[in-house]
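Participant: Before I ask anything, here is the structure I am working with.
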Amino acid sequence: MAPAVDRVQSDSLMPSATRVVVIGGGIIGVCTAFFLARKGIPVVLCEKGEIAGEQSSRNWGWCRKMGRDPREVPLAIEALRLWTEMNTLIGGETGFRRSGIVYLCRTPKDLAKREAWLEQVGKPFQLDSRLLTRDQMSRALPGLAGPWLGALSMPSDGRAEPAQAAPAIAEAARGLGATILTQCAVRGVETLGGRIAGVVTERGTIACQSVVLAGGVWSRLFCRPLELRLPQLKVLSSVMRTEPLAGGPEASVSGFGFGLRKRLDGGYTVASWSGNVADIVPDTFRFFGDFLPAMWMHRREVRPRVGGRFVQELVQPRRWKLDRPSPFEAVRTLDPQPHQPILDQARAYATEAFPVFHSMRIAESWGGMIDVTPDGIPVISAVDALPGFFIATGFTGHGFGIAPGAGRLMAELVLGETPVVDPTPFRYSRFSDGTRPRPSPLA
């Protein structure tokens, strides 16, 4: 069951030409379109289904700097700055509230990892993160139970509402002149003289100078006919929403086996901090060497699974004619079933930490597909082999929280402006220049 998302009405007219086409109406795509439109750039956003229909409405809604990969921290700092202004910038409601985030530590190993992050990342970046003693945890999180040794806290981090944020930002982009097209899949690109000249959609062609691919888990498939190797896999995240519940924590919290966030409606989003499922598919073998270090590092957090998805992706077309329906039209919204054992585990551990959750009533649950990269950080980059083509994907479950910063950065790269942060860690070429990308042990 998919969460209810604020509906964004499609524009009825499709321009024959524009300057930039953004492919994908998730949080990254709409933020990119917003920051382009804010600069007065003609932009068309094409979404095969509905705005925020997939992972952008199915994530936890955390907006954090704490615990980030050191390479992501500058972007996260900019994103949190923008989140605090976003409701004013767009003249709408994203649900953002600065509520703080707390990581609970159950073992000395957990605590040592958080302390290492604080010393090596938090303090050098002058973040407001700090370690909490057991007494301090009790004051910060009334009702906390269990044998926790300590915690890492970041009071300036926040939360927002995934089902509201991307639609609100899309509407704001339209108010600035962007065209928003839903139920409009992009089948491929056209080139002239070796560079981008336009896109072919199911409704016709749009001439353009630049294309931004913000297709989430679909980005790898879109790149294949272009002969662009994008090492990206999918991970299933399972999430549930409670009915309004009094007495729970205001701060977002994670601990062994659970993570939770208070919602604007008074309920909670609850999931498992370390429980996700990775279906074994043909790309698992194609990219085995790329992902082996990450697979080993996260072997206790991600559960491999063999199922029908292998055959589905095996028979999925690798190429298609642009005047015929594409795989993106065959599946408008990827709506996987949640993995119930993980949700049951999350409920049990959340209740153990906060006994008030004994009385929680589950309103709904859902699954969402996370687009992951071998090093756990996104691609936000031009593609040198195809001038005018840009990729913003592979956010590895961090996309919602850093989306405003990522959207601004992507807009600046497209326009050739000085980027707000150093984009080098996010370059597409890191997968082919001998860098051998690896996840950070601190994240």
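The values are calculated or read from the model by the stated rules, or taken from the named source; none is laboratory data. Predicted, not measured: the structure shown is a model, and the values here were computed from it. Cβ: placed from backbone, ideal geometry, glycine included. Neighbour counts: every protein chain shown.
Participant: Can you tell me which condition LEU322 does not meet? The list is (1) in contact with a Gly (Cβ under 7 Å, 6 or more places away or on another chain); (2) aliphatic (A, V, I, L, M); (3) crowded, with 21+ Cβ neighbours inside 10 Å; (4) more than 25 Å from VAL239 (Cβ to Cβ), and all the others hold.
Facilitator: (3)
Participant: Would it be correct to say that SER10 is within 22 Å of GLY198 (Cα to Cα), outside any strand (DSSP E or B), of a type in the set (Ser, Thr, Tyr) and modelled with pLDDT of 95 or more?
Facilitator: Yes.
Participant: To continue, here is another question. Applying the selection to the range 348-386, what residues are under 21 Å from MET410 (Cβ atoms) and out of contact with any Lys or Arg (no Cβ under 8 Å at 6 or more places or on another chain)?
Facilitator: Within the range 348-386, THR373, GLY376, PRO378, ILE380, ALA382, VAL383, ASP384, ALA385 meet the criteria.
Participant: Moving to a separate point now. Listed residues THR133, THR84, THR88; which is closer than 28 Å to PRO423 by Cα, in contact with a Gly (Cβ under 9 Å, 6 or more places away or on another chain) and polar (S, T, N, Q)?
Facilitator: THR84
Participant: Please count how many residues of the range 332-351 are touching a residue at least 60 places away in the same chain (Cβ under 8 Å) and out of contact with any Gly (no Cβ under 6 Å at 6 or more places or on another chain).
Facilitator: Residues that pass the stated criteria total 9.
Participant: Answer yes or no as to whether PRO124 is in contact (Cβ under 8 Å) with a residue 60 or more places away in the chain and either surrounded by 17 or more Cβ atoms within 10 Å (Cβ to Cβ) or part of a loop (DSSP other than H, G, I, E, B) (or both).
Facilitator: Taking the combined requirement at face value, the residue does not satisfy it.
Participant: Looking at (1) touching a helix residue (DSSP H, G or I) at 6+ places or on another chain (Cβ under 6 Å); (2) of a type outside the set (Ser, Thr, Tyr); (3) more than 23 Å from ILE27 (Cβ to Cβ), which one does GLY405 not meet, given that it meets all the others?
Facilitator: All conditions are met except number (3).
Participant: Taking strands (runs of 3 or more DSSP E) that do not extend beyond the range 280-399, which have at least 1 residues that are more than 20 Å from the chain's Cα centre (by Cα)?
Facilitator: Once the strands (runs of 3 or more DSSP E) in the range 280-399 are filtered for at least 1 residues that are more than 20 Å from the chain's Cα centre (by Cα), what remains is 302-305, 362-372, 389-393.
Participant: Further, regarding this structure: Tell me, which strands (runs of 3 or more DSSP E) lie completely within the range 209-262 with 3 or more residues that are closer than 18 Å to ILE23 by Cα, at pLDDT 95 or above and touching an Asp or Glu at 6+ places or on another chain (Cβ under 9 Å)?
Facilitator: Those strands (runs of 3 or more DSSP E) do not exist here; none qualify.
Participant: Just give me the residues in the range 393-430 being small (Gly, Ala, Ser) and touching a residue at least 40 places away in the same chain (Cβ under 8 Å), in sequence order.
Facilitator: Passing the criteria: GLY394, GLY397, GLY399, GLY401, ALA403, GLY405, ALA406, GLY407, ALA411, SER429.
Participant: Out of the range 242-260, which residues are in contact with a Phe, Trp or Tyr (Cβ under 8 Å, 6 or more places away or on another chain), farther than 20 Å from CYS105 by Cβ and of a type in the set (A, V, I, L, M)?
Facilitator: Matches in the range 242-260: LEU245 only.
Participant: Among the numbered conditions (1) within 25 Å of the chain's Cα centre (by Cα); (2) over 17 Å from GLU47 (Cβ atoms); (3) outside any loop (DSSP other than H, G, I, E, B), tell me where SER138 comes up short.
Facilitator: Answer for SER138: the failing condition is (1).
Participant: Looking at (1) in a loop (DSSP other than H, G, I, E, B); (2) surrounded by fewer than 19 Cβ atoms within 10 Å (Cβ to Cβ), which one does THR88 not meet, given that it meets all the others?
Facilitator: The one condition THR88 does not meet is (1).
Participant: Out of the range 288-309, which residues are exposed (fewer than 15 other Cβ atoms within 10 Å of the Cβ) and of a type in the set (A, V, I, L, M, F, W, C)?
Facilitator: Answer for the range 288-309, where residues must be exposed (fewer than 15 other Cβ atoms within 10 Å of the Cβ) and of a type in the set (A, V, I, L, M, F, W, C): PHE288, LEU292, TRP296, VAL306.
Participant: Okay, moving on. Please work out if SER440 is of a type outside the set (A, V, I, L, M), surrounded by fewer than 24 Cβ atoms within 10 Å (Cβ to Cβ) and not in a loop (DSSP other than H, G, I, E, B).
Facilitator: No; evaluated as a whole, the condition is false for this residue.
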